[in-house]
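The values are calculated or read from the model by the stated rules, or taken from the named source; none is laboratory data. The structure displayed is predicted, hence computed values, not measured ones. Virtual Cβ from ideal backbone geometry, glycine too; neighbours counted across all protein chains shown. Just the protein is used for accessible areas: all its heavy atoms, side chains included, with ligands, DNA and RNA removed. Shrake-Rupley method; radii C 1.70, N 1.55, O 1.52, S 1.80 Å.
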Amino acid sequence: MNYRLNYILLGILIISALPIGGCDLFEEEPVPSYIYIDTIFLSTEPGQGTNRHNITDAWLSVGPDLVGAFPLPALIPVLESGEEEVTVFGGVIQNGIGATRDVYPFYTRYTVAKNLIPGQIDTIRPTVEYTDNLTFLSMEDFETSNIISADIDGNNNTKVDFSTTEVFEGNRSGHIELSGTDNYIEVGTNLFYEFPTTPERVYLEFHYKNDITFEVGIVGQSNNTYDKFYKVGVLPSTEWKKIYVDFSSDVSSMMASSAKEFQIVFRALDGGDTTTNIYLDNIKLIYR
């Protein structure tokens, strides 16, 4: 009994020692307000090509504070309430690698004023555009031309042709077919492109659908010297997808080594016995 009495007295002493405001320990968590974003839209102007994109994430700020990055569609809880400025940036998967997600630097931000009310959901439908300070160095939608026509591998049987049956949008797409002994291709743009000064950022955008992995790279040329680097391996996809390839550091490094002109290159090797296909569309080479 003495032990039990001692425990009771000890409990009374502990409770009496708590500060008067000790009840704060049991306060309820604040009720967030919510922002719902289903998708982010891209609006393009003439000369900027397709408005079809692959914005996968919304990077959200409320006032001056970054809330975070959220895969779309997203229901985002925020602790702020009242009138606030909500800013959304379009995020993409860099170089087709899911672990490297970031804001796409060539898209503008979307800003809207919202009265945030705890417990309520605000739906916003952001639209972004390409920023003003961009140069679209090359674009190809394969409707009337084909810039991927430089035959690097020396095999006339492997090339980028046209497809009118497997098309992302419009009437035609670029098409590579590999089969039998013609199972390797390496092709490039029929032009070498120049940058007036070392660019801040360089991206290649394009849509693709493919049976086999293919690689995308860049060549830097200085007089008769060539520096070739394959940056990305694009995994097979049974559906049309879009990729954003960041060549910024590669171009800067090559220019530092005296490269003056640049070519985009593609290559693939089919090790199987069946005919395999690669389709390309909406190729954009853009820099700032």
Here are the criteria: (1) in contact (Cβ under 8 Å) with a residue 40 or more places away in the chain; (2) under 26 Å from the mean Cα position of the chain (by Cα); (3) open to solvent by 40 Å² or more (accessible area, probe 1.4 Å). Tell me which single one S149 does not satisfy.
(2)
When you scan segment 77-91, do you find a residue that is of a type in the set (F, W, Y) and either within 18 Å of I121 (Cα to Cα) or more than 14 Å from the chain's Cα centre (by Cα) (or both), even just one?
no
Would you mind finding the one in I212, I218, I176 that is in contact with a Pro (Cβ under 7 Å, 6 or more places away or on another chain) and aliphatic (A, V, I, L, M)?
I212
Selection within segment 202-254 - free of Cβ contacts under 8 Å to residues at least 12 places away in the same chain and in contact with a Lys or Arg (Cβ under 8 Å, 6 or more places away or on another chain):
none
Does K159 satisfy being farther than 20 Å from V251 by Cα and part of a strand (DSSP E or B)?
no
Taking interchain pairs and intrachain pairs at least six residues apart, which have beta carbon atoms under 9 angstrom, with the first residue in segment 88-107 and more than 20 Å from E45 (Cβ to Cβ) and buried (at least 20 other Cβ atoms within 10 Å of the Cβ) and the second of a type in the set (G, A, S) and at pLDDT below 95?
I93/A99
Here are the criteria: (1) of a type outside the set (K, R); (2) within 21 Å of E239 (Cα to Cα); (3) at pLDDT 95 or above. Tell me which single one G98 does not satisfy.
(3)
Kindly establish whether L116 is at pLDDT 95 or above and over 27 Å from Y208 (Cβ atoms).
yes
Residue under evaluation R125, criteria (1) part of a strand (DSSP E or B); (2) farther than 27 Å from F192 by Cα, criterion not met:
(1)
Please determine, by comparing only the residues of segment 108-117 that are open to solvent by less than 70 Å² (accessible area, probe 1.4 Å) and not in a strand (DSSP E or B), which one is nearest to L66 (Cα to Cα).
T108
With the structure loaded, tell me whether F192 is in contact with a His (Cβ under 7 Å, 6 or more places away or on another chain) and not charged (D, E, K, R) or whether it fails that test.
no
Considering residues that are surrounded by fewer than 18 Cβ atoms within 10 Å (Cβ to Cβ) and in a strand (DSSP E or B), the number found within segment 71-83 is 6
Is there any pair with a first residue in segment 38-64 that is touching a residue at least 60 places away in the same chain (Cβ under 8 Å) and more than 19 Å from G96 (Cβ to Cβ) and a second that is open to solvent by less than 20 Å² (accessible area, probe 1.4 Å) and among the aromatic types (F, W, Y) whose Cβ atoms are under 8 Å apart and which are 6 or more apart or on different chains, and what are they?
T44/Y130; E45/Y130; Q48/Y130
Counting only residues that are closer than 18 Å to N95 by Cα and open to solvent by 10 Å² or more (accessible area, probe 1.4 Å), give me the strands (runs of 3 or more DSSP E) lying completely in segment 169-272 with at least 3 of them.
225-234, 237-246
